[in-house]
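First the structure, in the form of structure tokens, and then the observations on it.
The values are calculated or read from the model by the stated rules, or taken from the named source; none is laboratory data. Not measured: the values here are computed from a predicted model. Note that each Cβ is placed from the backbone with ideal geometry, even for glycine, and that neighbours are counted across all protein chains shown.
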Amino acid sequence: MFPIIQAAGWPIWPLIICSVIALALVLERFVNLKSGKVLPPQLLDEAIMVSRAGVPSPDVVTQLEQNSVFGEVLASGFKTLHDNPRATEEELRAVLEGSGRMAGARLQRYLGALATIASAAPLLGLLGTVIGMIDIFGSQGSDGGMGTVPGGGNPAQLAHGISVALYNTAFGLMVAIPSLIFWRYFRARVDDYLLAMEIASERFVRHLSGLRR
């Protein structure tokens, strides 16, 4: 691997940094976008069950809040009824919508950075290609000037320029393509979570409205 990096020249180092950052972001999103940390399947039913007789105690609400991202959204509804037992259904819905927007921002964290890497990596590879081409033209004109016949320049410099151009182009695509794939995958996963949370929150609002009566 190191000989390839040496052959690619200094333009490949920004791409290596991008690849390390992209890998770290992908692993972080895989860990924090698990369903157990975002939207446990039975959490809504459990929250409704423990509150059938009334708003649960603050300790139960705290446990719910620490359970998952969606648990924070549900806990915000209970907290609103603790603070204002006569809160209207519209007020409860507004609170859960606000909490849901905050949850959505957390779920989308770092996705912008991953999209930026997917967009910038091909451009960085193109930069390395241009630098390699400059080396190639420099090698062609280094001995014989403008009239040098192709292939009559410095062969070592010519080979170096070609390697810089090709390695950087290839490595830029190798970084950009997986980054783009994972960005789209995580975006779709977040959208699915947000839709499910929106539907569940509407059901929870109706449940909370029944508690206040």
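Some notes on this structure:
- Flag for ALA87 being closer than 25 Å to VAL190 by Cα and either in a helix (DSSP H, G or I) or modelled with pLDDT under 90 (or both): no
- Residue check for LEU92: hydrophobic (A, V, I, L, M, F, W, C) and touching a residue at least 12 places away in the same chain (Cβ under 8 Å): yes
- Scan of segment 98-112 for residues that are in a helix (DSSP H, G or I) and surrounded by 15 or more Cβ atoms within 10 Å (Cβ to Cβ), ordered by number: SER99, GLY100, ALA103, GLY104, LEU107, LEU111
- Helices (runs of 4 or more DSSP H) (entirely within segment 8-84) containing at least 3 residues that are in contact (Cβ under 8 Å) with a residue 40 or more places away in the chain, farther than 30 Å from ALA121 by Cβ and among the aromatic types (Phe, Trp, Tyr): none
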